[in-house]
Protein chains: 2
Amino acid sequence: MRLAELSERSGVSTATIKYYLREGLLAPGRQINTTTAEYDEGHLRRLRLVRALIQVGRIPVATAREVLGHVDDDSLGRTIRLGAALWALPQGAEPDEADPAVVAARREVDRLLAGLGWETARELSPLSPVHRSLVVAVAALIRLGYPWDAELMAPYAELMHQVARRDLDYLETHASDAERVETAVAATVLFEPVLTALHRLAQEEESARRYGL
Amino acid sequence: MRLAELSERSGVSTATIKYYLREGLLAPGRQINTTTAEYDEGHLRRLRLVRALIQVGRIPVATAREVLGHVDDDSLGRTIRLGAALWALPQGAEPDEADPAVVAARREVDRLLAGLGWETARELSPLSPVHRSLVVAVAALIRLGYPWDAELMAPYAELMHQVARRDLDYLETHASDAERVETAVAATVLFEPVLTALHRLAQEEESARRYGL
DNA sequence: GTGGTCGGATAGTGCCGCTAGCCAACGGGA
DNA sequence: TCCCGTTGGCTAGCGGCACTATCCGACCAC
């Protein structure tokens, strides 16, 4: 398969594919001569993943490169690779530790994790980017004056834990060992828009039931 | 309160506040003379909301203007205003109806809503932007070759329905009538990053429990 | 009266995700 | 054998977005 066919089958313009190649999101094809390269089904698959991450998952190109770099890093074990890939995902600003809302948010998040017994999350908490983005989001709610503490978050966390168990069950049944890291990344990034949309639909539905249209 | 104080108390630069005033995200202050305007606590509160929507909720400035416009529209009833505000929220591309993945995704989403008995969502489905973004996200998963049908989504939808019930309970206990629309918008937009972060934390935790660190 | 601050306006900046155009080197069909 | 379309590589440019910097003339406190 050459560039034009890769473009046609993926629906991505040749100019954009060239851009992804330049940015290292897509491995170069097998060079046949100075002016021709051959791409395979793996390239097509990866290209579709890249598009999904960027367009549906709203991940910046630079972040996608980093994440996919970890996915492809054969020098590491599966679990580490996955951890590194997910570690690279979060975006968003650093919390300002001088802000009292941030201090309060951090306290509540730590209390939440303690109450849930999420020991892994607690051990990693000073470092984890996910933990940081949770603190930032909670701090925003507190700053707006909404009471938002560990007791309020706990049931939400339990529900998301149920979601996470389903995610991993899905992973175990639908992905072979070889592709598990890639599938895990896709699942983390692409389930989120689905969850968000279901959340909003559920809000609309429940709101209509309680208060009418 | 004048511009400088509004800036100091909100942590937003005067240049940015001027920009928000220009863009209509913030009502002008009470004009004292040609060169001075007076702002009040309401302006401060709104400014913090705007910042939260844009920075934490990642909503584009133009969308925030539209959403807040609906929140402030006194000519409509509360329910309508809220609906209009939430209607304006979603971002993201239009689905390409010629794409077989999109067709399949739409079919599964419709089956899902029928199975759940979410009649409101079904009635609005051809129009609702949330419905569209769900279709786009599901289509991306299908395009990547993941089996993803109504039966798989249903338990996720039920869980998000439980989340939505909590959201509305929270709204009923923590917001007065007057500020309910504003609170509802804040809740929809700002709970999402919290949920997303909890989701990823739960994934990390569950993954560590199943497979070790 | 004069220095500092105000609101208002305009132009510019930096980043991001492409996109367009050029080039010389092939290579498959007539 | 010729020739024209396509290729990979390269560089430059574009359009949108969220600010940001600067200037200006008006004003007010001292």
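So here's what we get for this one:
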{"quantity": "Only one of A:Val189, A:Val181, A:Val185, A:Val194 that is part of a helix (DSSP H, G or I) and either within 7 Å of another protein chain (Cβ to nearest Cβ) or more than 27 Å from B:Pro155 (Cβ to Cβ) (or both)", "calculated": "A:Val194"}
{"quantity": "Identity of the residue in the range A:11-54, of a type outside the set (A, V, I, L, M, F, W, C) and more than 13 Å from DNA strand D (Cβ to nearest atom), that ends up nearest to the other protein chains (Cβ to nearest Cβ)", "calculated": "A:Arg48"}
{"quantity": "Helices (runs of 4 or more DSSP H) (entirely within the range B:1-112) containing at least 2 residues that are more than 22 Å from the chain's Cα centre (by Cα)", "calculated": "B:3-10, B:14-23"}
{"quantity": "Residue check, B:Ala154 at pLDDT 95 or above and either more than 7 Å from chain A (Cβ to nearest Cβ) or out of contact with any helix residue (DSSP H, G or I) (no Cβ under 9 Å at 6 or more places or on another chain) (or both)", "calculated": "yes"}
{"quantity": "Residue in the range B:81-93 that is within 16 Å of DNA strand D (Cβ to nearest atom) and either more than 12 Å from chain A (Cβ to nearest Cβ) or farther than 23 Å from B:Thr188 by Cα (or both) present", "calculated": "yes"}
{"quantity": "Which numbered condition A:Arg143 misses (of (1) closer than 30 Å to A:Gln55 by Cα; (2) at the interface with chain B (Cβ under 8 Å from one of its Cβ atoms); (3) charged (D, E, K, R))", "calculated": "(1)"}
{"quantity": "Residue in the range A:96-107 that is within 30 Å of A:Arg143 (Cβ to Cβ), within 16 Å of DNA strand D (Cβ to nearest atom) and not assigned by TED's automatic domain parsing to the domain that holds A:Ser7 present", "calculated": "yes"}
{"quantity": "Per-region count, the range A:103-140, residues aliphatic (A, V, I, L, M) and over 22 Å from B:Ala52 (Cα atoms)", "calculated": "7"}
{"quantity": "Residues being surrounded by fewer than 20 Cβ atoms within 10 Å (Cβ to Cβ) and assigned to a helix (DSSP H, G or I) - total across the range B:125-141", "calculated": "1"}
{"quantity": "Any hit, the range A:6-25, residues being in contact (Cβ under 8 Å) with a residue 60 or more places away in the chain and either more than 8 Å from DNA strand C (Cβ to nearest atom) or under 23 Å from B:Val136 (Cα atoms) (or both)", "calculated": "no"}
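Residue-by-condition table, conditions (1) within 7 Å of chain B (Cβ to nearest Cβ); (2) free of Cβ contacts under 8 Å to residues at least 12 places away in the same chain:
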| residue | (1), (2) |
| --- | --- |
| A:Arg111 | no, no |
| A:Glu158 | no, no |
| A:Ala175 | no, yes |
| A:Arg200 | yes, yes |
| A:Tyr211 | yes, yes |
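For (1) at pLDDT 95 or above; (2) aromatic (Phe, Trp, Tyr); (3) buried (at least 19 other Cβ atoms within 10 Å of the Cβ); (4) not assigned by TED's automatic domain parsing to the domain that holds B:Val56, each residue gets a yes or a no:
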site: B:Arg122; (1), (2), (3), (4): no, no, no, yes
site: B:Gly145; (1), (2), (3), (4): no, no, no, yes
site: B:Glu158; (1), (2), (3), (4): yes, no, no, yes
site: B:Ala164; (1), (2), (3), (4): yes, no, yes, yes
site: B:His174; (1), (2), (3), (4): no, no, no, yes
site: B:Glu182; (1), (2), (3), (4): no, no, yes, yes
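The values are calculated or read from the model by the stated rules, or taken from the named source; none is laboratory data. Quick caveat, the model's predicted, so the values are computed rather than measured. Every residue, glycine among them, receives a Cβ derived from its backbone with ideal geometry; neighbour counts consider all protein chains shown.
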